[in-house]
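Take a look at the structure set out below.
The values are calculated or read from the model by the stated rules, or taken from the named source; none is laboratory data. Please read all numbers here as calculations on a predicted model, not as lab measurements. We place every Cβ from the backbone using ideal geometry, glycine too, and count neighbours over all the protein chains shown.
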Amino acid sequence: MTYFEGFIVPVPEANKEAYCKSAKDAAPIFQEFGVKRHVEAWDSDVPEGKVTDFRMAVDAQPGEKVVFSWFEYPDKATRDAANVKMQSDERMKAFGASMPFDAKRMIYGGFDPIVEEGTERGAYVDGFVVPVPNGKLDAYKALALKAAKIFREHGALRDVEAVASDVPKGEVTDFYRAVKAEDGETVVFSFLEWPDKATRDEGWKKIMEDERMKPEGDMPFAGQRMFWGGFDPIFDTAKSKEPAHA
């Protein structure tokens with residue numbers, strides 16, 4: 001089963017083209033190390049939250065946008081070996097010296113999928129980060145599986161829910177702090193892929209009106225600390241087209 005490495009990155013809006021170029025230039029190295037797919041998606045419809053949100057997660061500053069990104073590996077062993085290689089590869093050191101963003105505020109980690117529905121790749125992405133009590137993971141998975149069928153029925157191409165497996169604590173930011181995780185809670189990194197933003201917007205209207213989405217009893221996650229947003233893919237190794245720099 002696929003293993004996911006998830007990232008949230010604060011990038012100055014003026015550096016978008018440089019960020020795209022950096023992703024494109026680094027992708028062949030990542031693929032050499034075992035990455036099956038590499039996606040970078042740019043802040044498009046990212047709401048401000050009262051408790052948490054994508055901007056708070058990386059302490060985004062005025063003039064910065066948020067990038068939602070992930071790597072897909074065939075398994076965790078391949079990912080772990082790749083991370084070791086990246087640490088010692090001279091080409092990666094060169095990239096690290098000229099990154100067009102503040103790496104200290106980037107958050108990342110490894111995640112095991114608990115739901116992976118659909119295989120088609122999309123041109124618009126909804127990203128989610130969710131705090132889930134460890135004791136409620138089974139209930140969360142059951143809810144996510146039910147919701148995945150509804151999401152796809154209303155136009156989503158792919159639904160991934162992946163639970164923290166190897167998520168480090170950071171000096172400045174990390175996934176746990178991003179959702180203000182409490183003792184006994186883990187983090188779920190999740191995304192929906194859609195054919196385009198118009199389908200996504202129409203799909204969410206239908207989803208919110210769907211009676212099957214109404215909660216039955218207590219939700220198995222802390223909804224007030226979950227955050228989400230919409231993102232435009234600017235680089236995707238699964239696509240043949242060049243990344244958009246505009």
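For (1) on the phi < 0 side of the Ramachandran plot; (2) modelled with pLDDT of 95 or more; (3) surrounded by fewer than 19 Cβ atoms within 10 Å (Cβ to Cβ); (4) among the hydroxyl-bearing types (Ser, Thr, Tyr), each residue gets a yes or a no:
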residue: GLN31; (1), (2), (3), (4): yes, yes, yes, no
residue: HIS38; (1), (2), (3), (4): yes, yes, no, no
residue: ALA41; (1), (2), (3), (4): yes, yes, no, no
residue: GLY49; (1), (2), (3), (4): yes, yes, yes, no
residue: THR52; (1), (2), (3), (4): yes, yes, no, yes
residue: GLY63; (1), (2), (3), (4): no, yes, yes, no
residue: GLN87; (1), (2), (3), (4): yes, no, yes, no
residue: SER98; (1), (2), (3), (4): yes, no, yes, yes
residue: PHE101; (1), (2), (3), (4): yes, yes, no, no
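Please name all residue pairs, on different chains or six or more residues apart, with Cβ atoms under 6 Å, provided the first residue is in the stretch 154-173 and is in contact (Cβ under 8 Å) with a residue 24 or more places away in the chain and the second residue is part of a loop (DSSP other than H, G, I, E, B) and surrounded by 19 or more Cβ atoms within 10 Å (Cβ to Cβ).
Within 6 Å, the pairs are LEU157/GLY122; THR173/VAL58.
I'd like the full set of residues that are of a type in the set (D, E, K, R), buried (at least 17 other Cβ atoms within 10 Å of the Cβ) and not in a loop (DSSP other than H, G, I, E, B), limited to the stretch 137-176.
If the condition is that a residue be of a type in the set (D, E, K, R), buried (at least 17 other Cβ atoms within 10 Å of the Cβ) and not in a loop (DSSP other than H, G, I, E, B), then LYS141, ARG152, ARG158, ASP159, GLU161 are the ones that fit.
Where residues in the stretch 177-186 are in contact (Cβ under 8 Å) with a residue 60 or more places away in the chain and closer than 19 Å to VAL160 by Cβ, which of them is surrounded by the fewest Cβ atoms within 10 Å (Cβ to Cβ)?
ALA178
Checking ALA82 against (1) of a type in the set (A, V, I, L, M); (2) closer than 15 Å to LYS36 by Cβ; (3) surrounded by fewer than 16 Cβ atoms within 10 Å (Cβ to Cβ): exactly one of these is not met. Which one?
With respect to (1) of a type in the set (A, V, I, L, M); (2) closer than 15 Å to LYS36 by Cβ; (3) surrounded by fewer than 16 Cβ atoms within 10 Å (Cβ to Cβ), ALA82 is out only on (3).
The rows are residues; the columns are (1) at pLDDT below 95; (2) buried (at least 20 other Cβ atoms within 10 Å of the Cβ); (3) within 18 Å of the chain's Cα centre (by Cα).
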| position | (1), (2), (3) |
| --- | --- |
| VAL188 | no, yes, yes |
| ASP196 | no, no, yes |
| ASP201 | no, no, no |
| LYS206 | no, no, no |
| GLU216 | yes, no, no |
| GLN224 | no, no, no |
| PRO233 | no, yes, yes |
